[in-house]
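For reference, the structure discussed in these notes is given below.
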Amino acid sequence: MTIDEAIAELRAHIEPGRAEGMAAYHKQTREVWGIPNPATNDVTKGWRQRLTVEERVQLASDLWQTDIFEARLAAAKVLTQARIKPDDTGAWDLIQSWVPDFDSWAIADHACMAGQKRLVADPTRVDQVEAWTQSDHMWTRRAALVITLPWTKQNFPKPAELETRDRVLGWAAGYASDHDWFIQKAVAWWVRDLSRHDAARSRAFLDTHGEKMKPWARKEAARHMS
């Protein structure tokens, strides 16, 4: 599939009059077409079924380079798959290469969802994510927490999973005094989701670091704790 064919397939789902509202909601200055998310899901699902891994990686790269809002979402979605065999075809490297381009939550979160699958497939990649926590780019620092959210969800974590959980909580502790809204939201998100499966660790985090956080973020982090 060529990039022109992919663009044509996406554009067939444009809803007239929708683009302006989407651009305002997502605070986009890049081109927005006005394609509903379910339509993008359906198109990219078809691509995942029809294309080889190598073809999907190339298509994702080409879509991202257009710098069109829905095309970047589609680039992430075409790589959002738990099992990619072989897993060394460049999907993870491509997702990593996008991180410095993050500038809005929707694009960043869709890309991180694809990245989550690749991290779970190979947890040693968390070593690479740790470097993001030292970036001057806020969206890169935020991505380190969003992409590691799967480690908040295990009910019966193995020792290595607990080690990663504590490692990421260490990153979150370093973020606690960073009062950028998106960073505070990411810390609250990680601790809140963790509290559903490991309330003791979430409570200990808030007892130690909660006073550094903005009050609304601390409240959000504790939402599911009695």
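The values are calculated or read from the model by the stated rules, or taken from the named source; none is laboratory data. The shown structure was predicted, so the numbers you read here are calculated from the model rather than taken from an experiment. Note that each Cβ is placed from the backbone with ideal geometry, even for glycine, and that neighbours are counted across all protein chains shown. Just so you know, the surface numbers come from the protein's heavy atoms only, side chains and all, with ligands and any DNA or RNA stripped out. Shrake-Rupley method; radii C 1.70, N 1.55, O 1.52, S 1.80 Å.
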### Summary
Rounded to the nearest 10 degrees, the helix 53-65 long axis (Cα) sits at an angle to the longest Cα principal axis of the chain of 90
### Computed accessible area, His137, all protein chains, 1.4 angstrom probe, square angstrom
50
### Query
Can you list the lysines whose alpha carbon is less than 18 Å from that of Lys219, not counting same-chain residues fewer than 8 positions off?
Lys185
### Message
Can you give the FRET efficiency to the nearest 0.05 for Glu163 and Glu211, using r as the Cβ-Cβ distance and R₀ = 30 Å?
### Response
0.70
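So if I place +1 on the C-beta of Lys and Arg and -1 on the C-beta of Asp and Glu, and nothing else carries charge, what would the dipole magnitude of the range 104-226 be about its Cα centre? I want it in debye, nearest 20.
Numbers: 19 positive and 15 negative charges, 80 e Å.
It works out to roughly 380 debye.
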### Summary
Pseudo-spin-label distance Met138 to His224, built 7 Å along Cα→Cβ, given in nm, is 2.7
### Task
With an 8 Å cut-off on Cα pairs and a minimum separation of 6 or more residues, tell me the relative contact order of the chain in percent.
13
### Task
List the extent of the Cα atoms of the chain along each of their three principal axes, largest first, rounded to whole Å.
53, 40, 32
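Show that you can apply the helix-only estimate: for the chain, add -39,500 (n - 2.57) for every DSSP H stretch of four or more residues, divide by all residues, and state [θ] at 222 nm to the nearest 500.
Only helices count here, giving -19000 deg cm²/dmol.
Mean separation of Cα pairs under 8 Å and 6+ residues apart, divided by the residue count of the range 120-217: what relative contact order is that in percent? Mind showing how you got there, number by number?
Values: 81 pairs, mean separation 26.8, N = 98.
Contact order relative to length: 27 percent.
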#### Entry: Gain on full stretching of the segment that runs from Glu15 to Arg50 - 0.36 nm per residue minus C-alpha separation
10.1 nm
